[in-house]
Amino acid sequence: MIINSIGLKNFTVFEDFNIDVSSNINIFIGENGTGKTNLLKAIYAASEISRNHSKSVDILHRCFKNNGLVSLSRNNINTTVDIFLRDNSYDKECIATVISAPTIRIIQNTSASVSEKSLSNYDESKVRSDSYQIHLPQNASLLATFIPSKDMLTHSSGLLAMSDKYREFPFDITLTEIIRKANQWTLKQPPKLARSILPQLEEMIDGKIVIKNEEFFIVKNDGREINFAVEAEGFKKIGLLWQLLMNESITPNSILIWDEPEANLNPAFIPKLVECLIELSRNNVQIFLSTHNYILAKYFNVKASDSDSIMFHGLYKINNSVQCESNENFAALKHNAIIRVFNELLDEVYDLDLGD
């Protein structure tokens, strides 16, 4: 299933936010505080809820790790919070995941009436109850993988058991679920999706990934086994992508959500990583990224062909409300914090050279 548009209403920094997205690659840029990570987490939460409707409220709170104690509404008040993901092929609301206090709104499709269940006295335990269902159209199910900006595989040993045991564990599920997915057994032979991509990843990390006793290693081409605990951060990031492809966490018709893929990455790896992501999108993997990096963003325009659909979404604030402009050309965004800072640097270098 492909997402065609996203809507957020009264959700964290978003007041009434609606954008159309590419079926291939979407890249979100913006200054700190414009909600890039919140937006990515909302997409992931909705995908998880699409496959487990009865735990919708619980999943949303666990994605943002607030245990329902902090309102996710924009003004921190008890007003409706809506998250919408739409798929035009169904001609109806495929994901209308709505979590709020004190109202839960259930939307089945665009033509159906909206039913509401209001609670006169807000009770978190009642909102979490399985008696409150989110009803979605038949076969509306999204499979998504969220790669956080933080490295979690270094801490994989025993972490999942701790998170399952203790409700107040200090990590949201976007951080723990990536360990769970990476821990799955790899295939003996590369899946079709990964055959053209894995050699590039193996060249970058000079090896392959193995798991021993819940710990991750890179087995170098010369036979050395390097534990993730002492491996370079960039190698671990590329190695994680290798593992997710080899165990089919990333498959055709799935979604890859990646928060700041350039973090701690050798700049020399960026063009190769961009090529790999474009190749994934050509094989029906829909991709959502956030970045602060000029080189990463620009390489998508450089490496893409005319048939590739790549959309840049610039997030910015007006009167403390987040807005968005979208364009297929990274440099054409009017609200572009990355290019603005890059141009300021060029001006300073130019002035410095004149001074010499």
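Coordinate-derived values only; no laboratory data. Fair warning: this is a prediction, and the values are worked out from it, not measured in the lab. Cβ sites come from the backbone with ideal geometry, for glycine too, and all protein chains shown count toward neighbours.
With r as the distance between the Cβ atoms of N283 and R224 and R0 = 35 Å, compute the FRET efficiency 1/(1 + (r/R0)^6) and round to 0.05. It comes to 0.60.
What the Cβ-Cβ distance of V210 and A268 gives, at R0 = 25 Å and to the nearest 0.05, is a FRET efficiency of 0.50. Among the listed pairs K220/K303; K9/K36; K236/K272; K55/K212, a Cα-Cα separation exceeding 22 Å is found for K220/K303; K55/K212. Placing a label point 7 Å from the Cα of S307 along the Cα-to-Cβ direction, the residues of region 1-29 whose backbone N falls under 17 Å from that point are 23-25. For region 204-356, the Cβ-based charge dipole about the Cα centre amounts to some 480 debye (Lys, Arg positive; Asp, Glu negative; other atoms uncharged). Approximating the spin labels as points 7 Å out from Cα along Cα→Cβ, the L143-to-L352 distance works out to 5.0 nm. For region 184-271, the share of DSSP beta bridges that are antiparallel, to the nearest 5, is 100%. Electrostatic bookkeeping for H155 treats Lys and Arg as +1 and Asp and Glu as -1; over the other residues with beta carbon under 11 Å from its beta carbon, the sum is -2.
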